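The values are calculated or read from the model by the stated rules, or taken from the named source; none is laboratory data. Just so you know, these numbers come straight off a predicted model, no measurement behind them. Glycine also receives a Cβ, built like all others from the backbone with ideal geometry; neighbour counts cover every protein chain displayed. For the accessible areas, the whole protein counts, side chains as well, though only heavy atoms, and no ligand, DNA or RNA atoms are used. Shrake-Rupley method; radii C 1.70, N 1.55, O 1.52, S 1.80 Å.
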Amino acid sequence: MAFVYKADPVRGAEWARLFAAKAPDIPFHIWPDTGNADRVRYLAAWMPPQDIERQFPNLELFFSTGAGVDQFDLAALPPELPVVRMAEPGVVAGMVEYATMAVLALHRDLPAYIRQQREGRWAAHRVYPASKRRVSVLGLGVLGCAVLDQLRTLGFQLAGWSRTRREIEGVTCYAGQEELPTMLASTDILVCLLPLTPETRGMLDGALFQHLPRGASLVHVGRGAHLDHQALLDALETGWLSGAVVDVTDPEPLPAGHAFWSHPKILLTPHIASMTQPETAVELVLDNIRRHEVGAPLIGLVDRARGY
Ligand code: NDP
């Protein structure tokens, strides 16, 4: 039995050290070294090899090294191969920090104060209490729920949207396309934490923004292809949206000269809202290997039919 890691080699070296300490019985290889490929039972990769079945004929589990699985074609993997994503505590904590920072930045008019500082202009905007600000989260999964838990402590009015109906204390929950406009109509700050699927691709568009009240703002931490860039620029231009914090774009990296780089109402970061943390990721991977060995449910198992 052996494990192959196929992603950033620097982080791979950290994984190797952690495996050596925590699971010395599992031979660990960093791609392109695979050892005897017939012995490989577990593969962790950002991008699986194209000929995965031929490369690793005895593979039992595939781990995405990211929290999402949209970076590769799920349908190209062997149909029976379980695919596990990295819903590990380190990535959750990072997202809670970033999303909270972004919501607070918009709540407290940080983009405007950054503009004013550049202009040497001293001007105060009215301060509203969090209890008067309505924050809605698209996606009530592992990350969306953790972000809501933190925002709740700050006193915001909270809502959330998912495909299936959820019940979360202190959060007004909406489900399905039909209920989305109702939530948007009472949203001041919209946070996108959806997975990228055929249903969610491109959904942050002009039509969706029209359902938000004038002056609302956006935190985009899902995936770049959720967002229609031009629609965001248009909504900011007309003042329909007042600001945005954008961590993910399509394409990445964002090309030189793209309007987001210098837009005065956009705070832009290079897809760093959160990252898989080797310490906690290896714990989760080893826990899942143990679970797999005894036939227990896997943590972060992707539903291949839903695509997330
Ligand atoms: P989960 O799979 O745990 O949750 C996904 C949520 O989205 C669920 O509530 C699901 O609904 C909902 N959803 C999916 N499709 C639809 C739809 N068509 N309509 C309505 N709701 C839908 O994912 P996570 O919370 O772990 O992660 C979410 C995403 O965050 C990742 O897929 C990734 O894109 C992004 N991410 C970004 C990072 C960054 O650094 N910017 C880092 C990590 C993740 P239901 O509950 O009904 O299934």
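Structure values in brief
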read-out: Positions within region 119-140 being in a loop (DSSP other than H, G, I, E, B) and either charged (D, E, K, R) or crowded, with 17+ Cβ neighbours inside 10 Å (or both), in sequence order; value: R121, R126, R133, G139, L140
read-out: Any hit, region 178-197, residues being over 23 Å from G239 (Cβ atoms) and small (G, A, S); value: no
read-out: Residue within region 20-43 that is in a helix (DSSP H, G or I), small (G, A, S) and under 26 Å from S274 (Cα atoms) present; value: yes
read-out: Test: residue in region 75-85 that is at pLDDT below 95, part of a loop (DSSP other than H, G, I, E, B) and open to solvent by less than 30 Å² (accessible area, probe 1.4 Å); value: no
read-out: Single match in P32, P27, P49 (criterion: more than 22 Å from E293 (Cα to Cα), of a type outside the set (K, R) and surrounded by 15 or more Cβ atoms within 10 Å (Cβ to Cβ)); value: P49
read-out: Test: residue in region 4-20 that is surrounded by fewer than 16 Cβ atoms within 10 Å (Cβ to Cβ) and within 20 Å of L298 (Cβ to Cβ); value: no
read-out: Any hit, region 186-202, residues being part of a helix (DSSP H, G or I), at pLDDT 95 or above and either open to solvent by less than 30 Å² (accessible area, probe 1.4 Å) or closer than 19 Å to V103 by Cβ (or both); value: no
read-out: Residue in region 261-287 that is nearest to the chain's Cα centre (by Cα), counting only those that are away from the ligand (no atom under 15 Å from the Cβ) and more than 17 Å from A20 (Cα to Cα); value: I266
read-out: Selected residue (only one of R85, R108 is of a type in the set (K, R) and near the ligand (Cβ under 10 Å from one of its atoms)); value: R85
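The rows are residues; the columns are (1) among the polar types (S, T, N, Q); (2) at positive phi; (3) over 19 Å from the mean Cα position of the chain (by Cα).
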residue: E88; (1), (2), (3): no, no, no
residue: V103; (1), (2), (3): no, no, no
residue: I114; (1), (2), (3): no, no, yes
residue: L138; (1), (2), (3): no, no, no
residue: G141; (1), (2), (3): no, no, no
residue: Q157; (1), (2), (3): yes, no, yes
residue: R165; (1), (2), (3): no, no, yes
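This table checks each residue for (1) in contact (Cβ under 8 Å) with a residue 24 or more places away in the chain; (2) crowded, with 17+ Cβ neighbours inside 10 Å.
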| site | (1), (2) |
| --- | --- |
| Q210 | yes, no |
| L241 | yes, yes |
| K265 | yes, yes |
| P270 | no, no |
| I289 | yes, yes |
| D303 | no, no |
